[in-house]
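Q: One structure is given below, represented as structure tokens, and several questions about it will come after.
The values are calculated or read from the model by the stated rules, or taken from the named source; none is laboratory data. Source: prediction; values computed, not measured. Neighbour counts are summed over all protein chains in view; Cβ atoms, including those assigned to glycine, are modelled from backbone coordinates with ideal geometry.
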Amino acid sequence: MSKSFNALGVRPDLIRGLQDLGIQEPTPIQRDALPFLLKDGGDFIAQAQTGTGKTAAFGLPLLMQLDPKSPKIQAVVVAPTRELAKQIGKQLFRFTKYSAEKVFVEVLTGGDDMDRQVAALARPTHAIVVTPGRLLDLLAKKALALDAVQLLVLDEADEMLSLGFKAEVAFICNQTEKRRATWLFSATIPDGVQRLISDYMAPTAHVLKVDHRHVVNRDIEHRFILCTVKEKTKKLVDFLRRQGQERGVVFCRTKAGATKLSEELSAEGFAVGVLQGDLPQLERDKVLRSFRKGRFQYLIATDVAARGIDVEGLAFVIHHQLPDQIEYYTHRSGRTGRAGRSGVSIAMIGQREKADIDRLGKRLGLTFTQLR
């Protein structure tokens, strides 16, 4: 029988915050990680994709370790992208909705006004969620001190290194050398992440590997549309016309593909926005803000640009092309079916890709059905 959050040792006020978000039962990673992180709390390595519930897995123990009476920064969460950092910060804030003693978490990312961040840090701050570059900028300005940090969380470590933040992450590890624990989360453990573990974590670190079959939300239905490349736009248009007011995200593999598809759908009269890696940060923020406010119905996005998207009430996700990596499929699919709602994930594939769908289904423990 699966354990409840209460049985795992989570505080009642935090459980109420989870319930408000529609989170009733722990996910596999939460069931496995919470007992260790709440009781021992030492160095911890989890190999897990986005969509497994890892923010609550590390966020709940982090919040329970903070001392609200101390005005100093006690925990640092490092995320690879601005969007993911903001998403984590928002979740931590929501978890503490019913907490009697308030803890203050600041989100510090590039692209936001640094003077405002410096002013915010002058107030008591118990934890920070940061992108690597902005943390180094603020340290250089002496806007914050890390001497009281007890906990360092490195989220999506492989993505952090692939984006070129190796030196920054090493610097942050050195600046928090008095910490009691490091908790590292990564979808994959390539050589760079392994070196990070060897250099900055205890050899006795607790290791947790979440099986691929546990990473996909079971409230999501997985379908595929069989079509040729030439038929894709027409098939997609036909599908979207049947959706009424429902909203969704269409994922493309390339920036050029995302831009071209957004132009084709706009020409068909659909209200769409596009999110791709060449957009300046301010423009990306504007697109996401407009989508959240319902100013357009569909978002066309590439994988890297869409990391950290957190928009409520999305009915479906469409894979215009299958992604190169299995973790991107779980990340894409996880944009729908959130907070206890159901959703559908649809892959548009050619006849030759049918074998890829079958393999994906076996690896993730999913059944794909054809949408005609």
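Q: Return the residues of the range 272-282 that are surrounded by 13 or more Cβ atoms within 10 Å (Cβ to Cβ) and over 19 Å from the mean Cα position of the chain (by Cα); say none if nothing qualifies. Full working, then the answer.
A: As a first pass, look at the range 272-282 and keep what is surrounded by 13 or more Cβ atoms within 10 Å (Cβ to Cβ): 272-277, 279, 281.
Those that are surrounded by 13 or more Cβ atoms within 10 Å (Cβ to Cβ) and over 19 Å from the mean Cα position of the chain (by Cα): 272, 273, 274, 279.
Q: Could you list, in sequence order, the residues of the range 3-23 that are in contact with a helix residue (DSSP H, G or I) (Cβ under 9 Å, 6 or more places away or on another chain), among the small types (Gly, Ala, Ser) and assigned to a helix (DSSP H, G or I)?
A: 17
Q: Sticking with this structure for a sec: Quick one: which residue in 227, 173 is over 23 Å from residue 361 (Cα atoms) and among the hydrophobic types (A, V, I, L, M, F, W, C)?
A: The unique qualifying residue is 173.
Q: Related question: What pairs come out if I take residues in the range 131-151 that are touching a residue at least 12 places away in the same chain (Cβ under 8 Å) and pair them with residues that are of a type in the set (Gly, Ala, Ser) and assigned to a helix (DSSP H, G or I) whose C-beta lies under 6 Å away, six or more apart or interchain?
A: What qualifies is 131/85.
Q: If you don't mind, another one. If residue 30 passes every condition in (1) touching a Leu at 6+ places or on another chain (Cβ under 8 Å); (2) over 23 Å from residue 159 (Cα atoms) but one, which one does it miss?
A: Of (1) touching a Leu at 6+ places or on another chain (Cβ under 8 Å); (2) over 23 Å from residue 159 (Cα atoms), only one is false for residue 30: (2).
Q: Which residues, counting only those in the range 279-334, are of a type in the set (Asp, Glu) and free of Cβ contacts under 8 Å to residues at least 60 places away in the same chain?
A: 283, 303, 312 - these are the residues of the range 279-334 that are of a type in the set (Asp, Glu) and free of Cβ contacts under 8 Å to residues at least 60 places away in the same chain.
Q: Restricting attention to the range 127-168, and to residues there that are in a loop (DSSP other than H, G, I, E, B) and within 17 Å of the chain's Cα centre (by Cα), which single residue is nearest to residue 81 (Cα to Cα)?
A: As a first pass, look at the range 127-168 and keep what is in a loop (DSSP other than H, G, I, E, B): 131, 141-150, 155-156, 163-165.
Now narrow it down to the ones that are within 17 Å of the chain's Cα centre (by Cα): 131, 155-156, 163.
Numbers: 131: 6, 155: 10, 156: 10, 163: 9 Å.
Within the range 127-168, the match that is nearest to residue 81 (Cα to Cα) is 131.
Q: Taking the range 6-27, which residues are over 15 Å from residue 97 (Cβ atoms) and touching a residue at least 12 places away in the same chain (Cβ under 8 Å)? Break it down into steps so the answer makes sense when it comes.
A: Start the filter on the range 6-27 by keeping residues that are over 15 Å from residue 97 (Cβ atoms), which leaves 6-9, 24-27.
The answer is 8, 9, 24, 25, 26, 27.
Q: Suppose the filter is farther than 30 Å from residue 27 by Cβ and in contact with a strand residue (DSSP E or B) (Cβ under 9 Å, 6 or more places away or on another chain); does residue 230 pass it? So that I can check it myself, show each step before the final result.
A: Working: farther than 30 Å from residue 27 by Cβ: yes; in contact with a strand residue (DSSP E or B) (Cβ under 9 Å, 6 or more places away or on another chain): no.
When the stated conditions are applied, residue 230 does not pass them.
Q: Still on this structure, I have one more. I want to confirm something. Restricting to the range 315-326 and keeping residues that are surrounded by fewer than 21 Cβ atoms within 10 Å (Cβ to Cβ) and either over 18 Å from residue 367 (Cβ atoms) or assigned by TED's automatic domain parsing to the domain that holds residue 52 (or both), which single residue is modelled with the lowest pLDDT?
A: Of everything passing the filter in the range 315-326, 325 is modelled with the lowest pLDDT.
Q: Can you find even one residue in the range 64-79 that is within 21 Å of residue 24 (Cα to Cα) and either buried (at least 23 other Cβ atoms within 10 Å of the Cβ) or outside the structural domain of residue 301 (by TED's automatic domain parsing) (or both)?
A: Yes, the range 64-79 contains at least one residue that is within 21 Å of residue 24 (Cα to Cα) and either buried (at least 23 other Cβ atoms within 10 Å of the Cβ) or outside the structural domain of residue 301 (by TED's automatic domain parsing) (or both).
Q: If you scan the range 176-187, which residues turn out to be closer than 17 Å to residue 58 by Cβ and not in a strand (DSSP E or B)?
A: Within the range 176-187, 176, 179, 180, 187 meet the criteria.
Q: What residue, of 190, 124, is over 16 Å from residue 58 (Cβ atoms), within 22 Å of the chain's Cα centre (by Cα) and in contact (Cβ under 8 Å) with a residue 12 or more places away in the chain?
A: Details: 124 fails: within 22 Å of the chain's Cα centre (by Cα).
Result of the check over 190, 124: 190.
Q: Determine the pairs where a residue that is in the same structural domain as residue 247 (by TED's automatic domain parsing) and of a type in the set (Asp, Glu), located within the range 340-368, has a partner that is part of a loop (DSSP other than H, G, I, E, B) and surrounded by 16 or more Cβ atoms within 10 Å (Cβ to Cβ) with Cβ atoms under 7 Å apart, the partner being 6 or more residues away or on another chain.
A: Taking only residues 6 or more apart or on different chains, the pairs are 353/322; 356/322.
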